[in-house]
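The structure under discussion appears below in the form of structure tokens.
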């Protein structure tokens, strides 16, 4: 199963798992930071800062939404044209494979938190 398929599996688990629903932002942020080719460098840097700030308890999801809405309002875009997207391989200590399939949905929220924490620690702006 590829990374996108694993992401879709986790999102499907969310329907029946309130704890996993509560960490939806972490799932999507960690995935997109590890798969940045569709996004502008500025968008990925902002996402990483939001992830780290959230994990450190400095911002809420509502504040992240407000900051992102302000930063990327009007004609500012977060996506690059499909023709300009190129994937670049990078080694990570944890990936979405650390979460899914795992032993199943039980404990997935804790696995997402561990994955997102490692992404926040390993990725730095501009990298």
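Is it the case that the range 103-120 has a residue that's assigned to a loop (DSSP other than H, G, I, E, B), surrounded by 18 or more Cβ atoms within 10 Å (Cβ to Cβ) and within 14 Å of the chain's Cα centre (by Cα)? Within the range 103-120, none of the residues are assigned to a loop (DSSP other than H, G, I, E, B), surrounded by 18 or more Cβ atoms within 10 Å (Cβ to Cβ) and within 14 Å of the chain's Cα centre (by Cα). Taking the criterion of being touching a residue at least 40 places away in the same chain (Cβ under 8 Å), touching a helix residue (DSSP H, G or I) at 6+ places or on another chain (Cβ under 8 Å), surrounded by fewer than 20 Cβ atoms within 10 Å (Cβ to Cβ) and more than 18 Å from residue 78 (Cα to Cα), the residues of the range 14-43 that qualify are 17, 19, 22.
Looking only at the range 80-98, which residues are without any contact (Cβ under 8 Å) to a residue 60 or more places away in the chain and in a loop (DSSP other than H, G, I, E, B)?
Here is the first cut: in the range 80-98, the ones without any contact (Cβ under 8 Å) to a residue 60 or more places away in the chain are 80-94, 98.
Selection gives 80, 81, 85, 86, 87, 88, 89, 90, 91, 92, 93, 94.
Where helices (runs of 4 or more DSSP H) sit wholly within the range 1-74, those with at least 1 residues that are more than 18 Å from residue 108 (Cβ to Cβ), modelled with pLDDT under 95 and more than 14 Å from the chain's Cα centre (by Cα) occupy 41-55, 61-71. Just one of (1) surrounded by 13 or more Cβ atoms within 10 Å (Cβ to Cβ); (2) closer than 21 Å to residue 119 by Cα; (3) out of contact with any strand residue (DSSP E or B) (no Cβ under 6 Å at 6 or more places or on another chain); (4) in contact (Cβ under 8 Å) with a residue 12 or more places away in the chain fails for residue 53. It is (4). Quick one: residue 77 ticks every box in (1) in contact (Cβ under 8 Å) with a residue 24 or more places away in the chain; (2) over 17 Å from residue 6 (Cα atoms); (3) surrounded by 13 or more Cβ atoms within 10 Å (Cβ to Cβ) bar one, so which box is it? Every listed condition holds for residue 77 apart from (3).
The values are calculated or read from the model by the stated rules, or taken from the named source; none is laboratory data. Just so we're clear, the structure is a prediction, and the values are computed from it rather than from any experiment. So basically every Cβ, Gly included, is an ideal-geometry build from the backbone, and we count neighbours across all protein chains shown.
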